[in-house]
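These notes are about the structure you will find just below.
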Amino acid sequence: MVKKISIRSTVVTTFDRKTIVVPNSKFLESNVVNWIHGGDMLLRAKISIRVAYGSNTERVRECLFKVVNSHPHVEKVPEPIVRFAEFGESSLVFELYFWAHVMNKWMTVSDINFAIDKIFSENNIVIPFPQRDLHIRSEKKTAEKGFTTHINQDKNVDLQNSPIDD
């Protein structure tokens with residue numbers, strides 16, 4: 001919110017109630033973003049959700065819509081959107097878009113994240129851990145011949161089920 005405009009600077013208060021003094025020259029040199037210009041106090045929120053390959057994508061969509069449509073601070077117009085964004089490296093990537101009042105958006109996103117975790121657990125939808133293949137290269141020295149032999153062996157190592165010494 002603009003609190004004061006003077007010859008050299010403008011005083012702005014942020015949503016966190018911080019006061020910022022902006023030199024007016026910045027308004028000529030840079031873009032100015034006004035999230036609520038014209039009195040519209042709605043902001044769009046986006047939550048990215050990754051689910052395991054093999055998940056029922058229609059069920060994922062249903063769960064996300066159930067969560068977002070049941071939250072009291074999510075606006076009904078414009079309608080929330082669930083988007084199947086991509087086939088990721090270790091997961092299927094969905095995006096949930098919705099609109100909320102500027103003063104409620106921050107906590108609404110948090111509430112929805114908690115609700116997504118709960119409904120996914122209830123519906124056996126897995127949020128996967130990132131997966132990486134580990135390739136181990138071992139070197140073996142042959143002393144009597146005086147040279148090093150490189151042995152390249154691709155070994156798939158399951159780190160989640162491997163014993164780890166503490």
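The values are calculated or read from the model by the stated rules, or taken from the named source; none is laboratory data. Keep in mind the model is a prediction, meaning the values are calculated, not measured. Don't worry about glycine lacking a Cβ; one is built from the backbone with ideal geometry, like all the others, and counts go over all protein chains shown.
Scanning the range 1-44 for residues that are surrounded by fewer than 10 Cβ atoms within 10 Å (Cβ to Cβ) and modelled with pLDDT of 90 or more, which turns out farthest from the chain's Cα centre (by Cα)?
Here the residue is 7.
Restricting attention to the range 88-132, and to residues there that are acidic (Asp, Glu) and within 17 Å of residue 65 (Cβ to Cβ), which single residue is farthest from the chain's Cα centre (by Cα)?
Filtering the range 88-132 for residues acidic (Asp, Glu) gives 89, 95, 111, 117, 122.
Going one step further and asking which of them are within 17 Å of residue 65 (Cβ to Cβ), we end up with 95, 111, 117, 122.
Numbers: 95: 9, 111: 15, 117: 14, 122: 22 Å.
Step by step, filter the range 88-132, then rank; the result is 122.
Testing residue 50 on (1) crowded, with 17+ Cβ neighbours inside 10 Å; (2) touching a helix residue (DSSP H, G or I) at 6+ places or on another chain (Cβ under 8 Å); (3) of a type in the set (D, E, K, R), one condition comes back false. Which one is that?
All conditions are met except number (2).
Taking the range 53-85, which residues are surrounded by 13 or more Cβ atoms within 10 Å (Cβ to Cβ) and without any contact (Cβ under 8 Å) to a residue 12 or more places away in the chain?
Listed by number, the residues that qualify are 62, 79.
With (1) touching a Pro at 6+ places or on another chain (Cβ under 8 Å); (2) modelled with pLDDT of 95 or more; (3) among the hydroxyl-bearing types (Ser, Thr, Tyr) as the list, and residue 70 as the residue in question, which single condition is left unmet?
(1)
Taking the range 38-63, which residues are closer than 14 Å to residue 128 by Cβ and touching a strand residue (DSSP E or B) at 6+ places or on another chain (Cβ under 7 Å)?
Passing the criteria: 48, 49, 50, 51, 53, 55, 60.
Could you tell me whether any residue of the range 50-62 is in the same structural domain as residue 118 (by TED's automatic domain parsing), touching a Ser or Thr at 6+ places or on another chain (Cβ under 8 Å) and assigned to a strand (DSSP E or B)?
Yes, the conditions are met somewhere in the range 50-62.
Can you name the strands (runs of 3 or more DSSP E) wholly within the range 86-166 that have at least 3 residues being modelled with pLDDT of 60 or more and in contact with a strand residue (DSSP E or B) (Cβ under 6 Å, 6 or more places away or on another chain)?
Filter on the range 86-166 gives 92-101, 136-142.
Looking only at the range 86-107, which residues are surrounded by 20 or more Cβ atoms within 10 Å (Cβ to Cβ) and either of a type outside the set (A, V, I, L, M, F, W, C) or outside the structural domain of residue 47 (by TED's automatic domain parsing) (or both)?
91, 105
Inside the range 118-127, can you point out the residues that are loosely packed, with under 14 Cβ neighbours inside 10 Å and farther than 12 Å from residue 52 by Cβ?
118, 121, 122, listed by residue number.
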